[in-house]
Amino acid sequence: MTSGSSTVAPKRSIRRFDIFAEYNRLKGLEKGMDEPRAKGYGVWVAKVVASGGSRRASSRNSMHADGRHEAPAGKEKEAERHEEPNEQEWHELSGEPQTDALFDHEIIQRMGADFYARVFAPAIAQAVDQGKSYESIRDTLRKDWKPAR
């Protein structure tokens, strides 16, 4: 699996949170969600896990002081145990709907739309298509994705 093109670099460092949100966006699509709902689902699952499983966690509380989101070890499956709302409703954390627009802002815009479309999303999709687990790709894929200076 290639980790990306040398001509396209992310705007910012790629976090485990980014990988996990995209991985779960793809899982949402597999569950039959449309693209907007899958994006909202991906960012919701990532935040639930990053917050240690608390459904009341806000995006602010799920970040480290330096802005990194990290999934606690062994917590990746935690979000799956939470009751999910009706597929027609947005998942919420602290009363904030976890929408496709939030995914676009917190994931895609942060790393850059060109990097997301040309490098990041295809690499994650390839890993999912190959049946790889999040744990097996979370660090190996992002190790060579360094922000442009």
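FYI, it's all coordinate maths here, none of it is from the lab. This structure is a prediction, so every number in the text was calculated from the model and none was measured. Using ideal geometry, Cβ is built from the backbone for each residue, glycine included, and neighbour counts are taken over all protein chains shown.
Label positions at residue 34 and residue 94, each projected 7 Å from the Cα along the C-beta direction, are separated by 2.9 nm. Using R0 = 35 Å, the C-beta based FRET efficiency linking residue 149 and residue 101 works out to 0.75. Judged by the mean number of other Cβ atoms found within 10 Å, the most tightly packed of the peptides 136-144, 35-43, 17-25 leads the ranking 17-25, 35-43, 136-144. Across the stretch 119-136, coupling constants 3J(HN,Hα) worked out from phi with the 6.51/-1.76/1.60 Karplus curve, θ = phi - 60°, read 10, 4, 4, x, 5, 5, 4, 4, 4, 5, 4, 7, x, 6, 7, 4, 4, 7 Hz, and Gly and Pro carry x. If the chain linking residue 113 and residue 125 were pulled fully straight, counting 0.36 nm for each residue of separation and taking away their Cα-Cα distance, it would gain 2.7 nm.
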